[in-house]
Structures are given as structure tokens and as C-alpha cells.
Amino acid sequence: MNNRYSESKLFPIEAGREERGWVSVKKECENLSEWGYKLLYENLKGSVRTVVLEPDYICKDHKNLFSQFYSKKFSVPSPFTCRLHFFSDQIKNIQELLYYSEKYSDKYLGYSIIREVSERCIGRTVINPHVINSGADGNFYYMLTEFAVHLNGAKFKVQGFPYTSQDVDVTVCAHSALWAICRYLSERYTLYSEVYPFDLVRMTGTARGRTFPYRGMTYADYSQILSSFGVYPVIVSVKKHTRFPIADPDELKKVYTYVESGFPVLASFAGHVVALVGHTIDYDRPYTEDSDGFVDSFSFLKQFITIDDNFFPYALLGYDDDPDNYATVYPYSINSIVTAVCPLPEKAFLPAEKAKEKAMKYFRNFISELGKYSGKPWVTRFFITTNKSFKRRKLENIKAGHDKLDSFIINIDLPHFIWVMEISSLADYKNGVCVAEIVLDSTASEKDHAVLYMRIGNILYFNGKEKNVSDASKSFPQYTDNLNKE
């Protein structure tokens, strides 16, 4: 056995002299390519005040690629990586960080694996998104989950969405996006097993020839891989043909619904794939009411938040005229999306568009009641979530003294997954408040009634009966566990 002694090193990043500190990191971390250096430095400058280098780190994802591919090459790279840790505070030395780690726990911004591969050296990376978009305008909603790391025995945690670049040799952009989605889901939900990069290569169909190296992929491959992982995608044809100048708004609404629900989506452009992991909202965007005065919250979508292996995490994908659209190198925008692969749990049988139709049809029968509690326009917000999460939020509302009707709702039997539509006045929507909601059974068929209950103000409609609780609140908080808001 060949034991190794690898001491972690600390690099101060001084304000006004940041480049000097980052150059020291690059010099010590020899696998950090020029591409990787620029990616980290340009996106983290101004936020990072200390970088800690953890050398000779054994990364489970790189080890998987090494054992299955790199070890078989004539020129074999190192199986070891280094891991860079980022802190927003000045730290005197490594001993202080390790001995008093709790002092710096809220200063931990995330980490990045640096591997010995050609150019695209950035491996598994998790960064707190508030570091990236903290100075930008807009309301940001992210899919985040917690990742724990151990540095020489000290434990740190970071909320983020996982990222990795393609290594060019064996993984392509689709593998990077798929890995990010699968790792997010396996970290957030115990139901899903962890998947490693080469597992995704093996899960790719062989009907179009060998799967590596340099094998391109299609949405059929993505769907097969995600189904094998345990989520069963809905494929949305956003454009009927790649030559169409803009995406179909009705199809984009479906994509938005799944993102709003907190499910990451694979979005395909012509020749590239990214993961959609959140969105930003612009309340001042122009909107159109339907004949009854309803406005879909999709109208206020400004940008999708992406994980794109060509760029740093949380890049903003806007419309064609958006000056903040990140894809200046490539002509991508929201209107460039051709196909979206939207992973869903097995028990979500009722498609989004059919569930939305049922909810709207039911609400339209109660327009006069709705008018007693709110003025037009009425903003509709639609998503799928779990019974567990939904009731947990209702219980929190009860404990906070918000709503007496929730005491009844938490005792209603609900399936594992439910479709929910909330309705708010425009002013209430901006403030995170709604005046009505309807809950549907996600396991229902298109012919089933599907509605489990509906609430308008302080009146609940359940099992064909009306329950009026006069001292209950006429408005109540939106459900917000689907996405983390900045």
C-alpha cells in the first residue's frame, strides 16, 4: 500500500489584488487549465476571499471515468484530482479554518473538482447561486439542494445545483446535463440511486453505433436514460422544425410548468443541450388576459436559469431581445429551444396540459365567487408537488397563525403527487399571496374528474359540499417549496 501525505493549502484572495491570488492557485493546481482558470476567476471574483486547495483528492465521478475509460488509454492521466473550496471571508491559515470550522460555516460558497483532462478540467462542482447573481435585477427562483463536504475532518455544507463540464473524450454536453439532473435528484430524494458519468454512457442506446467517444445523442437517448434512472419523461416538441424562428408559446408554457414545479428539464437546441433549473420573473412584462380575466404566470417569465457545461452554473437564458442573455457566443435564446425532455415521477399520470384544462374549467364555474375576493386580472400559477411537502407547508401556515382552513386541508387524503393551481390578483401574486387554489389527483386519467378540492377565499368545496369558515383568512400564502427564491 502506497500511503500519500497531501496537505491542504490556503490562498488569500485580497480585494483589489484578486488576480494575484488566483494566479497562485493556478500555479499550485497544475491541472487547472486556462479555460478552467478563466471560468472560475471571472465568475467568482468579487465574492471569494479565500481559496483552499485540497490536493490528491479521490473524486468518485472522475474515478468512475478513469476506471472505465482513461485507464485504458496509452497515455494514462492521474486518477487523482484536486478540490478547490471557496470562502467569502478572509481566513488566516488552514489551522484556524479546521479548528474553528463552525465560525466559517456560513461563509462557505462551494467547491470545484479539478481533474487531469484536456482543457475541460472542471469536474463535479457545487456553488451557492446567490454568489453568481447577487447583483442582478429580477426575482430568481432556483432548484437547490444541500451538499455536505468534509475537508480534513471539518464539515461544510452548501446549497446548490451540481455542475460538471464535459471531458471531450468520453462525455458530451448531454452527459453533463443528464449527470447534473440525476445527481440533483439523487441528492434531494432518497428514492433515486446515485449515477456516475460512465453509467450514463452505458445507458445510452447503441442503435446508432458505439456510444463513446464523440457519440452525439438525441432526445430519445435522454428519455431512455432518465427512464432507466427512475423518472419518466414527458417530451415536449417546442418547435415543430428547427428552422422555425420562435418557439411555440403553448409548448413553452408546458416547459415552464415543469420548471415551476421544481423538476429540472433537459432543453435541446440544434446541436447543444442544457439543463433548466429555475427561472427569473419580471412583473412588468406585458401580459394578455383571456376572456374571463385570467393571466397565466408564464407571461411573467423573463429567463430560464441554466446549467450549461460551456459556461458557469446558473447562466441566464432569456428571449431574443434580452441583453442579459448569456449565450452571446452561441445564438441561443428561449426561442431557440427545439425539444424539452421533462422528467416526472412514475405516479404522475395526468399530463400538465390536461390537468391545467381541468383546473381552469372548474374555476370558470365559480367566477362570481372569485370576484368577491379579488379583482381582475387573476394570475394563475400551476405546478405539481408532493402530498408530503404540500401538507408540511400548510402545517407551517397553521403554526404561524395564518389560516384556519388549513387545519381541515391537512386531514384530506391526497395521492403522493398532486397538481395545484393557485389564483391571485396581480398585486397579491407579486407579494406571494393567493385567494384561491384547486388540487387535482396526478394519478387520474384524462376522463376522471380528478379534482380533490377547491378553495376560494374562506370557502372550501370538497366532496360536493361547501364548507364556509367565516373566521378563516380570505387570502393565504403561496406554496413556495418548489423553488428557492433569492
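The values are calculated or read from the model by the stated rules, or taken from the named source; none is laboratory data. No experiment lies behind these values; they were computed from the predicted model shown. Cβ: placed from backbone, ideal geometry, glycine included. Neighbour counts: every protein chain shown. In case anyone asks, the SASA skips ligands and DNA or RNA and just uses the protein heavy atoms, side chains included. Shrake-Rupley method; radii C 1.70, N 1.55, O 1.52, S 1.80 Å.
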Report the calculated FRET efficiency for Ala400 and Asn431 (r = Cβ-Cβ distance, R0 = 25 Å), to the nearest 0.05. 0.95
Can you report the principal axis dimensions of the range 27-67 using only the alpha carbons, biggest first, rounded to whole angstrom? 38, 20, 18
How much net charge surrounds Ser193 when only the other residues with a Cβ under 12 Å from the Cβ of Ser193 are counted, with Lys and Arg +1 and Asp and Glu -1? -2
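Counting other Cβ atoms within 10 Å, keep those with at most 15, restrict to DSSP loop, and tell me which GluC sites (Glu not before Pro) in the range 398-453 are left. It would help to have the intermediate numbers written out before the result.
Details: sites: Glu422, Glu437, Glu446; in loops: Glu446.
Loop-located and lightly packed - Glu446.
Please give me the summed charge of the neighbours of Lys27: other residues whose Cβ is under 14 Å from its Cβ, Lys and Arg +1, Asp and Glu -1. Don't skip to the answer; put the middle values down first.
Working: positive: Lys9, Arg20, Lys26; negative: Glu19, Glu28, Glu30, Glu34.
Taking every Cβ under 14 Å from that of Lys27, the sum is -1.
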Which value does Rg/Rh take for the range 268-307 over its C-alpha atoms, Rh per Kirkwood? 1.14
From zero outward in steps of 5 Å, how is the percent of C-alpha pairs of the range 212-328 spread across the bins? 2, 9, 17, 23, 22, 14, 7, 4, 1, 0, 0
Quick one, can you get me the convex hull of the C-alpha atoms of the chain expressed as volume per residue in Å³? 168
Please report, to two decimal places, log10 I(q)/I(0) for the range 48-177 at q = 0.10, 0.17, 0.22 Å⁻¹ as given by the Debye formula with identical point scatterers on the Cα atoms and no solvent. -0.37, -0.96, -1.31
Please identify the helices of the chain, taking whole runs of DSSP H, that span at least 20 Å along their own axis as judged from the Cα atoms and have a mean Kyte-Doolittle score of -1.0 or higher. 173-188
For Lys92, which lysines qualify as cross-link partners when the Cα separation must be under 28 Å and same-chain residues fewer than eight apart are set aside? Lys9, Lys26, Lys27, Lys38, Lys45, Lys103, Lys107, Lys155, Lys157
Overall Cα dimensions of the range 314-462 - principal axes, largest extent first, Å: 54, 36, 32
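Lys and Arg at +1, Asp and Glu at -1: add these up for the other residues within a Cβ distance under 13 Å of Ser105 and post the number. Intermediate values should be presented prior to the final figure.
On the way: positive: Lys103, Lys107, Lys155, Lys157; negative: Asp89, Glu102, Asp106, Glu146.
Once all neighbours under 13 Å are counted, the net charge is 0.
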Taking 2.2 N^0.38 Å as the expected size of a compact globular protein, what ratio does the Cα radius of gyration of the range 51-100 give against it, to two decimals? 1.58
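Please report, as a whole percent, how much of the solvent-accessible surface of the chain comes from carbon and sulfur atoms (probe radius 1.4 Å). Don't skip to the answer; put the middle values down first.
Details: 10080 of 21180 Å².
Result for the chain: 48 percent of the exposed heavy-atom area is carbon or sulfur.
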Given the pairs Lys356/Lys394; Lys391/Lys485; Lys60/Lys254; Lys347/Lys404, which are separated by over 27 angstrom at their Cα positions? Lys60/Lys254; Lys347/Lys404
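Using the per-residue mean of other Cβ atoms lying within 10 Å as a proxy for protection, in what order, highest first, do the peptides 187-196, 120-129, 341-350 fall?
Values: 187-196: 14.4, 120-129: 23.5, 341-350: 20.3.
The most tightly packed comes first, giving 120-129, 341-350, 187-196.
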Which trypsin sites (Lys or Arg not before Pro) from the range 376-415 combine a DSSP loop assignment with at most 16 other Cβ atoms within 10 Å? Lys404
Mean Cβ-within-10 Å packing, highest first, puts peptides 157-163, 58-64, 439-445 in the order 157-163, 439-445, 58-64
Taking the range 1-110 on its own, what percent of its Cα-Cα pair distances exceed 17 Å? 60
Could you sort the peptides 94-101, 220-227, 278-285, 68-75 by per-residue average Cβ neighbour count (10 Å cutoff), highest mean leading? 220-227, 278-285, 94-101, 68-75
Just check the range 337-389 against the gyration tensor rule for me: Cα atoms, a ≥ b ≥ c as the square roots of the eigenvalues, rounded for a/c under 1.5, and otherwise prolate or oblate depending on whether a/b exceeds b/c. prolate
